[in-house]
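Here's the structure we're looking at; comments come further down.
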Amino acid sequence: MRLEDLRVNGKRLRQSLEEMASIGATPGGGVQRLALSDEDRRARDLLVQWLEELELAVTVDAMGNIFGRRPGREDDLAPVLSGSHLDSQPRGGRFDGALGVIGMLEVMRTLRDQKVQTDRPLVIADWTNEEGSRFTPAMVGSGVWSGALDLQRAYDRSDIAGKKLGEELQRIGYRGELPCQKFPAHAYYEYHVEQGPRLERERKIIGAPEGIVCLHWYDVYLKGEANQVGPTPMEGRHDALSAAAEMILRVNALPEKMGGNMVATVGEIHNQPNSRNVIPDAVHFTVDIRSWEDERALRAWEVLEKEFLAVAKQRGCPIEIEETWRVARSSFAPALVQRVLKSADELGYPSLQMVSGAGHDASYLNQVSPTAMIFVPSIGGRSHVEVERTTWEHCEAGANVLLHCVLESAAER
Ligand SMILES: [Zn+2]
């Protein structure tokens, strides 16, 4: 068979995705596989079993990242690497992460079926704790691997029950012997569901993000003056929650004011004492600003900060602001992005160049190796929820694009 005619086995891909989705399955049709939980361990065990059936060399590093290596004809050359994550959000979707791991597994199974040996070795990866929902921050497995995050600091992160990440890795048997450190890779591809509405809206099957937007996180703390709500007149109050409400609406209005493809969100708020008959005296809320242009996001924050200070002053509520996390925009390797578009075209799938609004392990991988991602449509643009779905046909299409991108990269000198 000519390599151009090679296609993955869509039926087998679906079976494996369904089998994986049965681990931590939730009543609403999603999955709950929090990082380093028993469900995560069972998902890892199943993956390792599948990798061993393919006779891959399986290794686990000190962060619990799992790798399966398939030798190449010229085995000393840097491998082509591809993968994603098997952990999920609480009551999350069955495709987010799993599709990229099982998609690469299906690529390797197809190559074995057809007895194709590539020039470069191939490596599949399952990165630890991508979601960051049980342990913050997100993308910690690939972060430590790439050298951006510190191993001991990652081990010391606690969940809300006080359990440490390092101890939980040990408990589930995935604190590996191999040091967690980057190795050279010729290319990294991450296959993932879009998690947004654009591909569906524009009737495309494949998305090729040119990169991942910048991400700026802030924490805002407001003080007020608590008092009985009945006898206290409206004028002269220092109501921290009313001040926060004004600020939150400014955040919501910010993207329209600034232009560009910016989004800005307040997703978390804590109100003290949170009683219907006490004027709130302490409020903490978060701000998340994302944009393709780092500069524009920074300018937006300057505008917002001035508005926050003005509101705080006018309401007599002292304010404190903390800059919590900042990740610069990640621009993928243009040659690999073009390869994704070209492969989609040759396979007859309509495609689109776009931008990723969500963070992925590919952000950190991009600091180590030329990187690109392959997106397929999310039905209704929904993700991080139990109803997250992608059609089986689209799952297969994305895996075919991955197959041909991997083959081309693996044949390069
Ligand atoms: Zn994901």
Practice task
Could you sort out which of K204/K257; K11/K342; K11/K115; K223/K306; K257/K313 sit more than 27 Å apart by Cα distance in this structure?
Solution key: K204/K257
Handout entry: Lys/Arg +1, Asp/Glu -1 at C-beta; the chain dipole; positive extreme among G224, N252, G196
Key = G196
Practice task
Would you tally the net charge around G10, using a Cβ to Cβ cut-off of less than 10 Å, leaving G10 out, and scoring K and R as +1, D and E as -1?
Solution key: +1
Fill in the blank from the handout: Residue ranges of DSSP H helices in the chain that stretch 18 Å or more (Cα, own long axis) and have mean Kyte-Doolittle hydropathy of at least 0.0 are 98-113, 240-258, 334-347, 392-410
Handout entry: For the chain, built as a Gaussian network whose Cα springs stay under 10 Å, the top-fluctuating residue of K223, K313, K342
Key = K313
Practice task
With an 8 Å cut-off on Cα pairs and a minimum separation of 6 or more residues, tell me the relative contact order of segment 163-299 in percent.
Solution key: 28 percent
Exercise for the section: Please identify, among M63, M262, M234, the residue showing maximal mean-square fluctuation in a Gaussian network model of the chain using a 10 angstrom Cα cutoff. Expected result: M234
Handout entry: GNM top mover of Q228, Q117, Q15 - the chain, alpha-carbon springs below 10 Å
Key = Q228
Fill in the blank from the handout: Using alpha-carbon positions, the gyration tensor of segment 13-156 gives root eigenvalues a ≥ b ≥ c; with a/c under 1.5 called rounded, otherwise prolate if a/b exceeds b/c, else oblate, the class is oblate
Exercise for the section: State the answer as a single residue: which of A358, P334, V311 lies farthest towards the positive end of the charge dipole of segment 296-413, with beta carbon charges of +1 for Lys and Arg and -1 for Asp and Glu, about the Cα centre. Expected result: V311
Completion exercise
Length-normalised contact order of the chain, Cα under 8 Å, at least 6 apart, in percent, tallies to 24 percent
Practice task
Calculate the radius of gyration of the Cα atoms of the chain to one decimal place, then report Dmax, the largest Cα-Cα distance, as a whole number, both in Å.
Solution key: 23.3, 84
Fill in the blank from the handout: Expressed in µm² per second, the diffusion coefficient of segment 156-286 from the Stokes-Einstein equation, with Rh the Kirkwood radius over alpha carbon pairs, at 4 °C and 1.567 mPa s, is 64 µm²/s
Practice task
State to the nearest 20 debye the size of the charge dipole of the chain about its Cα centre, where the only charges are +1 on K and R beta carbons and -1 on D and E beta carbons.
Solution key: 400 debye
Completion exercise
Looks like segment 76-136, by Cα gyration tensor root eigenvalues a ≥ b ≥ c and the a/c under 1.5 rounded cutoff (else prolate when a/b is bigger than b/c, oblate otherwise), is oblate
Completion exercise
Where a ≥ b ≥ c are root eigenvalues of the Cα gyration tensor, a/c under 1.5 meaning rounded, otherwise prolate if a/b exceeds b/c and oblate otherwise, segment 237-329 counts as prolate
Exercise for the section: Just subtract the alpha-carbon distance of A335 and E53 from 0.36 nm times their residue separation and send over the number in nm, one decimal. Expected result: 98.2 nm
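A short reminder: the numbers here are calculations on the coordinates, not readings from a lab. As the structure is a prediction and not an experimental result, all values here were calculated from the model. Positions of Cβ are backbone-derived with ideal geometry, glycine not excepted, and every protein chain shown enters the neighbour counts.
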